[in-house]
């Protein structure tokens, strides 16, 4: 049991190492940390509906958000050592806390353009009523604006939970959920 917990912690550390290095050239190798195919999910901090804004299903979609995180997001720091890890057979789950440190590059025009594209997608989402589209786009925009007004080094706290499955002798992420406190 302790060997499995240590192995899962090593996978979490490799995840942290990827987010620390943010090396796009290593993204394909990083994706080996995930179950292949359509099964895995990564649920971001703004997710409210499956396979929509910030709820990514399948390895190709997860690759897209990780690349975006590494390009546009702050400095992610997971508390790997304090992670609570439970293993039952070929399934493990964990929870920990972390911070996203605000970086100077969050102020770039590319980040602002990305935010505007996301707001536009919310405004064009015909599954929502016109009023709901306006509210969601406005809320999203104000939150992103607030994020960009914080100084470099500002630590945004979050909770990180994940489910991993053992495939052969490798533990791989099946589901990840990032959650930030409501403000």
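Filtering 81, 67, 54 for residues that are over 12 Å from the mean Cα position of the chain (by Cα), in the same structural domain as residue 31 (by TED's automatic domain parsing) and either surrounded by fewer than 18 Cβ atoms within 10 Å (Cβ to Cβ) or over 29 Å from residue 150 (Cβ atoms) (or both) leaves a single hit, 81. Residue 44 falls short on exactly one of the conditions (1) buried (at least 16 other Cβ atoms within 10 Å of the Cβ); (2) modelled with pLDDT of 95 or more; (3) within 26 Å of residue 121 (Cα to Cα), and that condition is (2). Within the range 50-80, the only residue that satisfies the criterion of being farther than 30 Å from residue 133 by Cα, touching a helix residue (DSSP H, G or I) at 6+ places or on another chain (Cβ under 8 Å) and assigned to a loop (DSSP other than H, G, I, E, B) is 80. Residue check: residue 182 meets all listed conditions (1) assigned to a loop (DSSP other than H, G, I, E, B); (2) in contact with a helix residue (DSSP H, G or I) (Cβ under 6 Å, 6 or more places away or on another chain) but one, namely (2).
For the range 152-165, which positions are at pLDDT 80 or above and either surrounded by fewer than 13 Cβ atoms within 10 Å (Cβ to Cβ) or in contact with a helix residue (DSSP H, G or I) (Cβ under 8 Å, 6 or more places away or on another chain) (or both)?
Residues satisfying the conditions are 153, 156, 157, 162, 164.
Inside the range 108-137, residues that are surrounded by fewer than 13 Cβ atoms within 10 Å (Cβ to Cβ) and outside any helix (DSSP H, G or I) make up a count of 3.
For residue 91, the test of being over 27 Å from residue 148 (Cα atoms), buried (at least 16 other Cβ atoms within 10 Å of the Cβ), in the same structural domain as residue 171 (by TED's automatic domain parsing) and over 20 Å from the mean Cα position of the chain (by Cα) is failed.
Out of the residues in the range 10-41 meeting the condition of being in contact with a strand residue (DSSP E or B) (Cβ under 6 Å, 6 or more places away or on another chain) and more than 12 Å from residue 63 (Cβ to Cβ), tell me which one is surrounded by the most Cβ atoms within 10 Å (Cβ to Cβ). So, considering only residues that are in contact with a strand residue (DSSP E or B) (Cβ under 6 Å, 6 or more places away or on another chain) and more than 12 Å from residue 63 (Cβ to Cβ), the one surrounded by the most Cβ atoms within 10 Å (Cβ to Cβ) is 41.
The values are calculated or read from the model by the stated rules, or taken from the named source; none is laboratory data. Because the structure is a prediction, the values reported are computed rather than measured. Glycine also receives a Cβ, built like all others from the backbone with ideal geometry; neighbour counts cover every protein chain displayed.
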